[in-house]
Amino acid sequence: MDDILKLDAETYKELMKRYMETRDEQSLYEVEQASKSFIQNNILPDEIVNMHIQALEELYPSLSEDIQYSMNFLLEAMIAYGIAHQEYQTLREKQSELKSEISVAASMQETLLGTTKPDIEGIDIGIISVPAHQMNGDYHHFIKGRDGSLGIAMADVIGKGIPAALCMSMIKYSMDSYPEDVMSPKAILNSLNRVVERNVDPSMFITMFYAQYLPSEHKLRYASAGHEPGYYYNAANDTFEEIETKGLVLGVTPDTAYPEYEMDINKDDMVIMLTDGVTECRDGDRFIESEEVLEVIRYYAHLPAQEMVNQVFKHFERLQEFELRDDFTLLIIRREV
Amino acid sequence: MKPQSCVNINKEWDIVGARQLGRDIAKKIGFGTVDQARIATAISELARNIYLYADHGQICFEIIDNMEHKGICMVAIDVGPGIEDIGQVMEDGYSTSGGLGAGLPGVKRLMDEFDLQSEVEKGTRVKAIKWVR
């Protein structure tokens, strides 16, 4: 460190000498480069002032005392900058450590909560889920039943980031443990409600929409635990309808009942499931209306379901200037035949 | 070891007195301008901590001069409220610093050796040494 300082002091002096003689731009450019190397070598501002003082003394031995004292005064004034700079350096290192730890956690979460979009004949599925920060507090899961039915869970923890993400792992593993004969939406929500009520801090809420699609009967059974309402697109009338449900968010009371509903899905109809990160997108300071989401979906409705959700996401990502405020999850199922 | 010289810290003005004494000692031992300024800044931080949190206390200076090296050792002592969570006050960006890099982590950076003992409701003792390079 001392060696580097000495070397830098020598370079600084030479550059300064040349500049005083020639006043050329070249010297100024070189001192700019030197200044960058000072930063790289953690040379503090007070040390640079000191280099300047030393250079002055060597180049102008007869310099007035007043100037010398004033330079010492400047050096004192730079001390606090030096410490603040060092603190800033340390905090930056810490921040990048934290970031890399979180990114390990995030990729672990992805593995833990991973789900594959199933291929089912006659229906087209599109899904997109993008976290606002590194970890996702939204959750969706596909379960293909042996009877050919498709179970779809979509959940949102109120709050985002790491606590939300941890909570989701619990939900997933509870669901994995259910035997297949209790896969009705009502039964799943009843049981998850008890798990959440027992295991999760009361200040944390989880909403969930659970749907079961029966391809052979073209029926959708569903129940909701206080989740953002989904939409049904009626192709024959070209209209969107809100899917109305009753049911309290998970974990409030142990004996909440979740009514189950059923609807027929005709050819080209769509079911849209989402989280509030979609409906509460913001355009500047204004929350968008849910009609706007539906308009955008309608605009892209001619595309395959996956393309459609991707395009809708891109639209709202751009609207929010590429900075999501909440986790964004959107799922669309369309009956093809 | 040379005899100690101490400065009582009772009012803000005493901080200046402590800096002055510390700087004079540092100059005498042969510290350069940069190190003198750093030592003075460290003294300010220690003295301000006493003035702000413990009401009164003392800063003592000692010259260390042995075969291997020369340096200045300063000890700040108070019988104030003490520090409950030392780890926390030593953490960057915490407490009084507010991005100024000040506080005890700042003192640790400015000096070569640093030691801190504190007991709640009994007081705090900070020792810091800087060696002549």
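The values are calculated or read from the model by the stated rules, or taken from the named source; none is laboratory data. None of these values were measured; they are calculated from a predicted model. When we count neighbours, we look across all protein chains shown, and the Cβ atoms used for this are built from the backbone with ideal geometry, even at glycine. Surface areas here come from the heavy atoms of the whole protein model, side chains and all, with no ligands, DNA or RNA. Shrake-Rupley method; radii C 1.70, N 1.55, O 1.52, S 1.80 Å.
Would you mind stating whether A:Leu5 is open to solvent by less than 50 Å² (accessible area, probe 1.4 Å), within 14 Å of chain B (Cβ to nearest Cβ) and within 42 Å of the chain's Cα centre (by Cα)? No; evaluated as a whole, the condition is false for this residue.
Conditions tested, residue by residue: (1) under 16 Å from the mean Cα position of the chain (by Cα); (2) more than 26 Å from A:Met71 (Cα to Cα); (3) buried (at least 19 other Cβ atoms within 10 Å of the Cβ).
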| position | (1), (2), (3) |
| --- | --- |
| B:Arg38 | yes, no, yes |
| B:Asn66 | no, yes, no |
| B:Asp85 | no, yes, no |
| B:Met90 | yes, yes, no |
| B:Thr124 | yes, yes, yes |
| B:Ala128 | yes, yes, yes |
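If you take the residues in the stretch A:48-105 that are surrounded by fewer than 17 Cβ atoms within 10 Å (Cβ to Cβ) and small (Gly, Ala, Ser), which one is nearest to B:Arg38 (Cα to Cα)? Among those residues, the one meeting the criterion is A:Ala77. When the criteria are applied in full, B:Arg19 meets the requirement of being under 22 Å from A:Asp46 (Cα atoms), open to solvent by 30 Å² or more (accessible area, probe 1.4 Å) and of a type outside the set (Ser, Thr, Tyr). Counting residues in the stretch A:193-205 that are among the β-branched types (Val, Ile, Thr) and under 23 Å from the mean Cα position of the chain (by Cα) gives one or more.
Per the listing A:Glu280, A:Glu242, A:Glu260, the residue uniquely within 23 Å of A:Asn136 (Cβ to Cβ) and among the acidic types (Asp, Glu) is A:Glu280. Take the conditions (1) at the interface with another protein chain (Cβ under 10 Å from one of its Cβ atoms); (2) in contact with a Leu (Cβ under 6 Å, 6 or more places away or on another chain); (3) not polar (S, T, N, Q); A:Val31 misses just one of them, which is (1). Would the stretch A:42-50 turn up any residue that is more than 42 Å from the chain's Cα centre (by Cα) and within 11 Å of chain B (Cβ to nearest Cβ)? Scanning the stretch A:42-50 turns up at least one residue that is more than 42 Å from the chain's Cα centre (by Cα) and within 11 Å of chain B (Cβ to nearest Cβ).
Answer yes or no: is there a residue in the stretch A:183-203 that is closer than 30 Å to A:Asp268 by Cβ, among the β-branched types (Val, Ile, Thr) and in a helix (DSSP H, G or I). Yes. Of the residues making up the stretch A:262-307, just one is open to solvent by 60 Å² or more (accessible area, probe 1.4 Å), in a helix (DSSP H, G or I) and either at pLDDT below 90 or on the phi > 0 side of the Ramachandran plot (or both), namely A:Glu291.
Scanning the stretch A:117-157 for residues that are of a type in the set (Asp, Glu) and open to solvent by less than 20 Å² (accessible area, probe 1.4 Å) gives A:Asp138, A:Asp156.
Restricted to the stretch A:202-225, and to residues that are over 18 Å from A:Ser149 (Cβ atoms) and surrounded by fewer than 22 Cβ atoms within 10 Å (Cβ to Cβ), which residue is modelled with the highest pLDDT? Per the criteria, the residue is A:Thr207.
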